[in-house]
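One structure is given below, encoded as structure tokens.
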Amino acid sequence: MNEQLVTENIGDEIFALAAKLYPICRSITGDGVRETLREISAHIKLETHEVPTGTGVFDWTIPREWNIRDAYIKNERGEKIIDFAHSNLHVMSYSVPVRRFVSLAELQKHIYTLPDQPDLVPYRTSYYAESWGFCMAHRRFESLQDETYEVFIDSSLKDGFLTYGEYLHKGDTKDEFLLSAHVCHPSLANDNCSGMALLTHLAKQMANMRTRYSYRFLFAPGTIGAITWLARNEDKIERIKYGLVISMVGDSGGPTYKRSRRGNAKIDRAVVHVLRHSGLTPTIINFFPYGYDERQYCSPGFNLPVGLLQRSRFGQIPQYHTSADNLDFIRADHLAQSYCMIADTIDLIENDAVYCNTMPKCEPQLGKRGLYAAVGGDKHTSAANMAMLWILNLSDGMNSLLDIAERADLPFRVICSVARQLQQHGLLKCCATEAAESDALYAAQ
Amino acid sequence: MNEQLVTENIGDEIFALAAKLYPICRSITGDGVRETLREISAHIKLETHEVPTGTGVFDWTIPREWNIRDAYIKNERGEKIIDFAHSNLHVMSYSVPVRRFVSLAELQKHIYTLPDQPDLVPYRTSYYAESWGFCMAHRRFESLQDETYEVFIDSSLKDGFLTYGEYLHKGDTKDEFLLSAHVCHPSLANDNCSGMALLTHLAKQMANMRTRYSYRFLFAPGTIGAITWLARNEDKIERIKYGLVISMVGDSGGPTYKRSRRGNAKIDRAVVHVLRHSGLTPTIINFFPYGYDERQYCSPGFNLPVGLLQRSRFGQIPQYHTSADNLDFIRADHLAQSYCMIADTIDLIENDAVYCNTMPKCEPQLGKRGLYAAVGGDKHTSAANMAMLWILNLSDGMNSLLDIAERADLPFRVICSVARQLQQHGLLKCCATEAAESDALYAAQ
Amino acid sequence: MNEQLVTENIGDEIFALAAKLYPICRSITGDGVRETLREISAHIKLETHEVPTGTGVFDWTIPREWNIRDAYIKNERGEKIIDFAHSNLHVMSYSVPVRRFVSLAELQKHIYTLPDQPDLVPYRTSYYAESWGFCMAHRRFESLQDETYEVFIDSSLKDGFLTYGEYLHKGDTKDEFLLSAHVCHPSLANDNCSGMALLTHLAKQMANMRTRYSYRFLFAPGTIGAITWLARNEDKIERIKYGLVISMVGDSGGPTYKRSRRGNAKIDRAVVHVLRHSGLTPTIINFFPYGYDERQYCSPGFNLPVGLLQRSRFGQIPQYHTSADNLDFIRADHLAQSYCMIADTIDLIENDAVYCNTMPKCEPQLGKRGLYAAVGGDKHTSAANMAMLWILNLSDGMNSLLDIAERADLPFRVICSVARQLQQHGLLKCCATEAAESDALYAAQ
């Protein structure tokens, strides 16, 4: 465990921020995103970008900005049967303004429910087709009388901006590790208040750390936000050597890792290794072109080494995209656990390197250096000694510490600390780090 | 389903032809083969070849031609206990003429039975060692008295010809798809009246189709026929890019596919893909040097990409090479099913190509083209949308539609039709077809 | 089975020699090793080497020579509660001389027992840290009174020599097959009297055989012995094309094969093939850098193709490194079985070669050469015919007999003898042996 990165109450801190972000009504544009980024800015020096409506980003165009103040459905007795003030999920995101009296039959065309989960409110959007709609519990919907309803949505859809934030932690090199969370979902705690809050605290924690790589934290609306960032940063994209999309990291499920399109990029190997030694039962899935913003990062024109880290797999739990994804669904200890997986991955990426055994002919005599038990003959050898033997045996200039950890089936942190010990005894020297192959150092600028 | 290839009553048509071919007494040479090819010629413009006895074909020599008119065994009371007129299986193929009176003990040396299947008559041959023999049901054989028997075989073994037929459907290129069926087995319905009849109707159906590849249909006796064809066509052999040996395609078993010697040639991948999406439970086996004429096509000097498609696997069903392989054993619906597998394979081979995503950076906006559902948030996405996303993601110039179908685990026909849709919207363009790498076009001749 | 190598009573002969070696008190240096090598010399022309104390061998130094005459622990009544004369396991190997009266509490610090196996005496060593100790049954130890004990070890630790023996069977080429057994364990029958005795009789049996490869038999103390040999023979090391460390080959377990560090070297493939066709249930494990002298041979500076062959896997049976590893634990029939595995491996290595089918286009006509049954149609083909068809099909200059045996899943000996038969009929010719690529022949010297 990297003690600079992981503090005792990290889980509580992440939860507290997620709880603050939860009530805000976010969409792919609008003041909800701005307010969210302001909360994040309280922790890190976030750079906020505003991209005007109409701007072309690859095949897409920044849409008009959507904001909403109020919305409800009233029955003939003037009772609000749905009220936006209770939950921002009740209004389909990007609903155009409406004030109208409608029959139940017509209302029905604009109501979204989940018949199989009759007590939950679904999350629905209509970003690119002008429409309006309400979401509600199916049971409540079925109890509605055949009467006239007043529908009211006090929203606006006007030229404005798409807003996103980014924060760059500069390392010794310009090579980057991208960490990306979507900021467009309204009151869904796990998806993705958890991811935004976790990355914020990770960035905060790294602020005073010296790192080999630079770390770019991106807080942007899903799809259009990632596309916008990619379109505006094409010149920097080749710096991205590693990347993770972070979402749904507060529940007790998984962990789940979806590999990058490359399939076995270093980031894939690193996360898979960390998860397999996490004590949990990870699910590793191959890339497929549906999901979160890895869809954009892994499009064929970029093919970046970016995977997706989650706890439960999206779409596969009943709470997904419903009102049940609330603050009861995420917990500080799960957030801390997820945080540690990412911290361990960073630790691995930072410390992986190729070492050379300085005495490659036969084993060096570990005993005379105090590195081996004096009395022999026991049928067992210690894990530390096995780590030493593996490192010495495989450090032929062809294998990195991660290669060795994989082959030895030992945690990277054990391999890494034992390698340091062998290095101190002159038995190992560093041959190459991946950083050596990277762009110019920031220091050289 | 290719509607040009597959007609509603194709199974019945194939069965009808198989039933017509069934009674004919075929062997590796002789009038039975000629009569068989005549029946086939009623449907397609078959080119028939006659190769004289004594002609050298690689390590082999065309044998003398065998014909038979009558044969029986009579007991002392003049009763025919075996009669060739009842079933041509009763005489070992290539039996020399004989008329003799023999004891039961001597007769026994010339009788073949199946003790484990006492009611069935086996199929036996002795092409290259001069001999004579009868085949009969074991139960009948055991009931024979110890008396004197008259054995009579009115056959001839004389200089003549080996006969085979071929039909070439010319496509846009000279690259060929070889479809081969053996024509040497007598009254065995599945092995191989089914294969001959299926290929005949396939060739007939293709006659008016324009195809990228040329299709060569070969109807030749097993082993010596394939060897003869290869020996006489060495100059054309490099045109063969795909090939299938077709036999035993009328029973309800399998399907079974035996890979070519190359193991993962395009034909292997195509058939395996089609069978895996056939709704049946295919058995895929690796090449081994025993079986049908794939033995010759896949000999090391040729190593052609030719596999074997069957329903039940040869040698592994009780009916194999017995009188139980009769017309009751094959059915029109199984024949139609087998036909569709081959038609789907041809469809795949014809339509596979490498496309390039014209907007490879990020996903193109499918919604504005009406290719994506307007309302988002649902946990499911449609199969058609998944096919689109897969095609766009993998169409980087490195993956053909088959590669994509395999990776996406979606049927090729879905991938192919969705690709066409994307092409119509300008999101995809064709980069390369395999045909592009092929020989000169026929048109250019 | 190679009849030159395998004699009827080979198991008894190996057992007899193992039994002779068993009582000797060996360590990594000293007269026990010399006496052991003398016994071996009664069978083969062993070359014995003496390397002086203080000699540097890579990172190591030849230690002082250890010898022991007597040792015991006496209680106050003068009764020997432990007596070296009963078992040399009672004294920790390399114990310095001691004569002292000690309390039970102090004695306890120098006593090694196995609490989980309370009736067995463990085997312990302290080669490189000056110390003394006794090993005893835990049950006996627990019965000791709290009284004063006399401890006596009449050993010497003086400048002297490290002793090892080697024997080279010269083949047609200088390319070598290394067979190595450790000679440093005292009265442990399986580990490794079995290995020493087996290799001795194998070398004896080969003496009059003409072989393609040269066979080097090495009898050296574990770790330091192998390191010494490697350090003194660096110029010859590249000759080693195959190698096996042999230990624990007399029990009924396994067989177990630990692959070389290369993982799929020819020796690995050969042993795995032999074991899989041995009729037993082999365990094949990947290389890991702990175990016997494969640790040294497979160190990254050498990376020799040397595996480890055992019956039970070291460290995984209760008898391992205890007094239960006695002559009752090994048996003549297991030794003979292990011997045959090694003999079969040698046979394979000696006879593997790449052949070319002289008639690669289509199958040659086996029938006219009497190599194929005259009557066809049966659903079965013989194993010999399948071997013929496999060899002819795969002998394209790319596959060796071992490649073919693996692909056909037939024993190498069947493939090899059938290949010889095909060669006699002119259907196969030898294209290349591995020897062809090797160093100059011995004959040319």
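Observations on the structure shown:
- Point-charge dipole on Cβ atoms (K/R +1, D/E -1) for the stretch A:198-353, about Cα centre, debye to 20: 380
- For the protein assembly as shown, a crude dipole built from +1 on the beta carbon of Lys and Arg and -1 on the beta carbon of Asp and Glu, taken about the Cα centre, is about 1340 debye to the nearest 20.
- Charge tally around A:Leu392: other residues with Cβ under 15 Å, Lys/Arg +1 each, Asp/Glu -1 each, net +3.
- Peptides A:405-412, A:218-225 ranked from most to least packed give A:218-225, A:405-412, packing being the mean of other C-beta atoms within 10 angstrom over each peptide's residues.
- Across the stretch B:167-297, the mean sequence separation of Cα contacts (distance under 8 Å, 6 or more residues apart), normalised by length, yields a relative contact order of 31 percent.
- Nearest beta carbon of chain B to the B-to-A rotation axis, with distance in whole angstrom: B:Asn264, 12.
- Part-to-part distance (alpha-carbon centres) for the stretch A:163-187 and the stretch B:118-157, which is given in Å: 85
- Debye intensity ratio I(q)/I(0), log10, the stretch A:84-225, q values 0.09, 0.18, 0.19, 0.20 Å⁻¹ (C-alpha model): -0.42, -1.05, -1.12, -1.20
- Distance between the 7 Å Cα→Cβ label points at C:Thr148 and C:Arg369: 9.0 nm.
- Restricting the stretch A:50-96 to GluC sites (Glu not before Pro) that sit in a DSSP loop and have at most 12 other Cβ atoms within 10 Å of their own Cβ leaves A:Glu76, A:Glu79.
- Each other copy places its own label point for A:Ala384 at 6.5, 6.5 nm from this one, sorted shortest first, where the point lies 7 Å along the Cα-to-beta carbon line.
- Helix runs (DSSP H) in chain B reaching 27 Å along axis by Cα, Kyte-Doolittle at least 1.0: none
- Rel. contact order, % - alpha carbon contacts under 8 angstrom, at least six apart, the stretch B:329-398: 45
- Distance (nanometres) between label positions extended 7 Å along Cα→Cβ at C:Ala19 and B:Glu35: 7.9
- Between C:Lys236 and C:Ala383, the contour length at 0.36 nm per residue exceeds the alpha carbon distance by 48.6 nm.
- Stokes-Einstein diffusion for the protein assembly as shown at 4 °C, viscosity 1.567 mPa s, with a Kirkwood radius from C-alpha pairs, works out to 34 µm²/s.
- Put a dot 7 Å past the Cα of A:Asp403, heading toward its Cβ, do the same for A:Ser103, and the two dots end up 7.4 nm apart.
- Only Lys, Arg, Asp and Glu carry charge here, each on its Cβ (+1 for the first two, -1 for the last two); on that basis the stretch A:104-245 has a dipole of about 1040 debye about its Cα centre.
- When A:Lys204, C:Lys170 are sorted by how many other C-beta atoms sit within 10 angstrom of their C-beta, beginning with the fewest, the order is C:Lys170, A:Lys204.
- Among the chymotrypsin sites (Phe, Trp or Tyr not before Pro) in the stretch C:1-89, none is located in a DSSP loop while being surrounded by at most 13 other Cβ atoms within 10 Å of its own Cβ.
- Teacher prompt: A:Arg100 distances to equivalent labels in other copies, 7 Å Cα→Cβ, nm: 9.9, 10.0
- Under the Debye formula (equal points on every Cα, no solvent term), log10 I(q)/I(0) of the stretch C:286-355 at q = 0.13, 0.18, 0.20, 0.21 Å⁻¹: -0.57, -0.95, -1.05, -1.09
- Legend: mean number of C-beta atoms from other chains within 10 angstrom of residue C-beta atoms, peptide C:125-137, equals 3.
- Taking the C-alpha atoms of chain C, convex hull volume expressed per residue in Å³: 153
- Dipole of the stretch C:88-174, positive end: most advanced residue of C:Tyr128, C:His110, C:Thr173 [Cβ charges, Cα centre]: C:Thr173
- Label-zone membership for the stretch B:25-42, site B:Thr53, 7 angstrom Cα→C-beta point, backbone N under 13 Å: B:29-31
- GNM top mover of A:Asp31, A:Asp191, A:Asp328 - chain A, alpha-carbon springs below 10 Å: A:Asp328
- Prolate/oblate/rounded label for the stretch A:153-196 (Cα gyration tensor, a/c 1.5): oblate
- Size estimate for the stretch A:189-228 follows the Kirkwood approach: the inverse of mean 1/r over distinct Cα pairs works out to 11.6 Å.
- Positive minus negative residues near C:Tyr127 (Lys, Arg vs Asp, Glu; Cβ under 13 Å): +2
- Annotation for B:Arg34, label-to-label distances across the other copies: 9.6, 9.6 nm (shortest first, one decimal, point 7 Å from Cα along Cα→Cβ).
FYI, it's all coordinate maths here, none of it is from the lab. Since we're looking at a predicted model, the values are computed, not measured. Methodologically, a virtual Cβ is constructed for each residue, glycine included, from the backbone with ideal geometry; neighbour enumeration extends over all protein chains shown.
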